[in-house]
Amino acid sequence: MARLLANFTARPLLGPGRHVQSDEYRKPRRCVKMMYTSQTPVLSIQSFSGLRSANAVDLIARPAHGFFSKVNLQISSRKGKASRCVTTKAMFERFTEKAIKVIMLSQEEARRLGHNFVGTEQILLGLIGEGTGIAAKVLKSMGINLKDSRVEVEKIIGRGSGFVAVEIPFTPRAKRVLELSLEEARQLGHNYIGSEHLLLGLLREGEGVAARVLENLGVDASNIRTQVIRMVGENNEVTASVGGGSSGNSKMPTLEEYGTNLTKLAEEGKLDPVVGRQPQIERVVQILARRTKNNPCLIGEPGVGKTAIAEGLAQRIASGIPVEKVSSDESSRLLKMEQTLHTRVIGQDEAVKAISRAIRRARVGLKNPNRPIASFIFSGPTGVGKSELAKALAAYYFGSEEAMIRLDMSEFMERHTVSKLIGSPPGYVGYTEGGQLTEAVRRRPYTLVLFDEIEKAHPDVFNMMLQILEDGRLTDSKGRTVDFKNTLLIMTSNVGSSVIEKGGRRIGFDLDYDEKDSSYNRIKSLVTEELKQYFRPEFLNRLDEMIVFRQLTKLEVKEIADIMLKEVVVRLKDKEIELQVTERFKERVVDEGFDPSYGARPLRRAIMRLLEDSMAEKMLSREIKDGDSVIVDVDAEGSVVVLNGKSGGGSVAEEAMEDPILVL
């Protein structure tokens, strides 16, 4: 007779350093060996049938904890004949505890009915009897209960002879249901098999006794399937929002199943720091940056740090570390940095030049390695582009506006709010959360930090910033040193804006670009004196440069209007509406939106009032629909008119066609 040796190993539970024991249970004509961890038994054999084919194994096992894993069946002959091995991943490998419970209940139903097999009808009864899974909830909502289902099953197949064998195999249809449940799980992008997948497989099989039972109960199988899919989707959304897990609608379910997103783990702070292996990480980066032959292969003995190299690379990607060496393409970009920034920031030549000089120093390695990349204070009237220049700089230097940490200093006006920057002291609420500034920089050290309206902060904030500006580091409430050496520090302030306005009128010069640099230097000296009266000398002395922003001229406001109108055009393109504006309308927007005291913000309000409100009314009244071409103009009476380019006619449309149309 053949001796059967079954080795059960549970990979989720069996780890390094855990002792593995084995027990043998000898019965007539068979020897079954079970392996389990020293902590908790993994499996206990309930029953199994003989090998009826080399490709299928009928095996039922009871889990004590977790999922089933790999099942190795080795068949050898006691007489010493040649042995053959059959290794298969059991169908129960990815079953959840609820799915295992369904299988066990189906066996109990087979014994209750006196049947020596588990068919589709027993699986259906097990799904109903489980009670807590998605399948049970859906069947209950459709009015299916265990009592009526048992009655229908007995009507169709009756009861057995009363003698039930110890080994209860699956019928071919039941095996097919299990295979279909695995296919359903894969189609939904799940790496597990739950009761919902068993129900979907049961419905997909559609020809067994279970299908007849559902038909007799007056339930449409397609409705059940729809309800299951809906509940699975809702459950995935809740899981993703609460636990951060991947949903079933993932675009790469196979990659998520067999791979690990190290970059995501690095962003969440779940990877340990990598010590050493810096040359290897640099070499991997170099290989990945090649145009061809860019697939590195890490080879080495176990435990030497191959995975650590990949984790170190993931941490670099997550933290946004730029490349240290400057390529020839980047060299030309740095030399033309002013033109790039001026595509978003209109005017302010002095500010853009000062920032460009600091960035070029940092990129070629001439900056002080113990201080931040650069530190500026932007002073000037409201709405002249101080915050916009900071956003443009973050996008240029770090690749994205998301690499900017923005702190509104009006939230730190009181003494007790200063602790929010570095974290609450031990014993206070929020101690474990960390500080808003230190935690953000610790997680992403390569970033731009914007302190908006710095003059509103409490004086204790400036005491804390002295250490950042001089030494490039700060200690948080947990005693951890946070590195600021790879950050750009920008502070905005409205201090001196009144000096700019009053000084221009009193002294007799205006901040126009037709003036010489001496006029700007004179007004800058006035603003600097104002800053010295407001901030302490030790704070101002640690800044790289104090930059004064000019008031916007009407010509510059007109250029800003082009940028804002383009943003509206892009938003309407998403709705398949083409927008064109005339030169008359643009002049009207600039006239109403120009105010030297408030900068470009009145211009945004003018565009909202004259353009966006008119477009919204036309779209709601269905005068403008998807696919239309719209022309916005100003008539002879000075009123804004919105013309449909496809159907617009009359004298107003003809006048609009005579005026130059700006295609933004």
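Computed values, structure above
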quantity: Residues of the stretch 124-146 classified as in a helix (DSSP H, G or I) and over 37 Å from the mean Cα position of the chain (by Cα), total; calculated: 6
quantity: Close pairs (7 angstrom Cβ cut-off, 6 or more residues apart or separate chains): among the hydroxyl-bearing types (Ser, Thr, Tyr) in the stretch 345-365, surrounded by fewer than 20 Cβ atoms within 10 Å (Cβ to Cβ) and modelled with pLDDT of 85 or more anywhere; calculated: Ser356/Glu338
quantity: Residues satisfying the stated conditions in the stretch 406-438, i.e. surrounded by fewer than 19 Cβ atoms within 10 Å (Cβ to Cβ) and within 22 Å of the chain's Cα centre (by Cα); calculated: Arg406, Glu433, Gln436
quantity: Subset of the stretch 560-578 (residues that are in contact (Cβ under 8 Å) with a residue 24 or more places away in the chain and more than 23 Å from Phe594 (Cα to Cα)); calculated: Leu572, Lys575, Glu576, Ile577, Glu578
quantity: Criterion (within 29 Å of Gln315 (Cβ to Cβ), within 32 Å of the chain's Cα centre (by Cα) and not small (Gly, Ala, Ser)) met by exactly one of Leu450, Leu469; calculated: Leu450
quantity: Among (1) modelled with pLDDT under 80; (2) within 45 Å of the chain's Cα centre (by Cα); (3) over 15 Å from Val219 (Cβ atoms) - the single one Ser161 does not satisfy; calculated: (2)
quantity: Test set (1) modelled with pLDDT under 50; (2) touching a Gly at 6+ places or on another chain (Cβ under 6 Å) - Thr120 fails condition number; calculated: (1)
quantity: Among (1) closer than 19 Å to Leu217 by Cα; (2) in contact with a Phe, Trp or Tyr (Cβ under 7 Å, 6 or more places away or on another chain) - the single one Ile193 does not satisfy; calculated: (1)
quantity: Of all residues in the stretch 336-350 being at pLDDT below 85, surrounded by 16 or more Cβ atoms within 10 Å (Cβ to Cβ) and of a type outside the set (S, T, N, Q), the one that is farthest from Ser387 (Cα to Cα); calculated: Glu350
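The values are calculated or read from the model by the stated rules, or taken from the named source; none is laboratory data. Quick caveat, the model's predicted, so the values are computed rather than measured. Quick reminder, even Gly has a Cβ in these numbers, built from the backbone with ideal geometry, and neighbours come from all protein chains shown.
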